[in-house]
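J.: Just passing along the structure, written as structure tokens.
What follows is calculated from the coordinates using simple rules that are stated; it is not laboratory data. Note that the coordinates shown come from a computational prediction; the quantities given were computed from them, not determined experimentally. All Cβ positions, even for glycine, are placed from backbone atoms using ideal geometry, and neighbour counts span all protein chains on display.
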């Protein structure tokens, strides 16, 4: 789970809310799917950072939006993410036996059940949005954004498999940054329908996602097994080129700093679009501080 001492009391309020709503949604939506329910709950309800739904709620609260209205779309994003992790761990992709310190889904339940559980989660993600309290036009925006983002994840994974020498940043943009972009976008979906706001929120989320992936690449090379949640480096084992694996470390760290600066610049741009009554991007900056604090430990 998140290092709670790195977070403010306000952010901490969202964690039990997210966990409770996840359990409630899965209990109600999987009643007719007993054969895969255990697999899905094992994958989704395992200790996780919940970074993407947390970002949705942080941005939404800073923009004065109703948390309850965007909670289900935030959970939909987490279900999308969980499905991608199940599939990423499969032997045909990253071939990881562990996830978050536990046996990966296919190691515990077999490949067939893992694949189908991941597929079921994608379907349930759309149901999560349809069950939300958003207006019909806002639901449509969420579905469009999540569809594009998850399609980008799939495209990035294919590129990662097919060409180990392709542009690392382009792959990160697709595989990781697209879901963070969606998270920031969902956070402002209830705000004034201004294209500029949607664009800037998306840009902030994308640069934050790129920074987060760069941090993960560094963690994979320099972190402990406990920090990674699995023994050894899967990227190293699979001979994958990442921002730090097989690259000049000093140059890579400089790139990490540039990504951090770009993220903070776009955060300032997003803050400039806040309603006049707002007190600032308080929760979102607290969220960013969490990522920066974790990076400083490596």
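J.: With the alpha-carbon atoms as the only input, what is the per residue convex hull volume for segment 13-296 in Å³?
T.: 119
J.: Taking 25 °C and 0.890 mPa s as the conditions, I'd like the Stokes-Einstein D for segment 8-159 in µm²/s, using the Kirkwood hydrodynamic radius from alpha carbon pairs.
T.: 154
J.: Here's something else I'd like to know. What does the extension gain come out to for residue 45 and residue 274, with contour length at 0.36 nm per residue minus their alpha carbon separation?
T.: 79.1 nm
J.: Still on this structure, I have one more. Order of 269, 281 from fewest to most other C-beta atoms within 10 Å?
T.: Ordered from fewest to most neighbouring Cβ atoms within 10 Å, 269, 281 come out as 269, 281.
J.: Mind computing the radius of gyration and Dmax over the alpha-carbon atoms of segment 154-216? Å is fine for both.
T.: Gyration radius and largest Cα-Cα distance of segment 154-216: 13.2, 42 Å.
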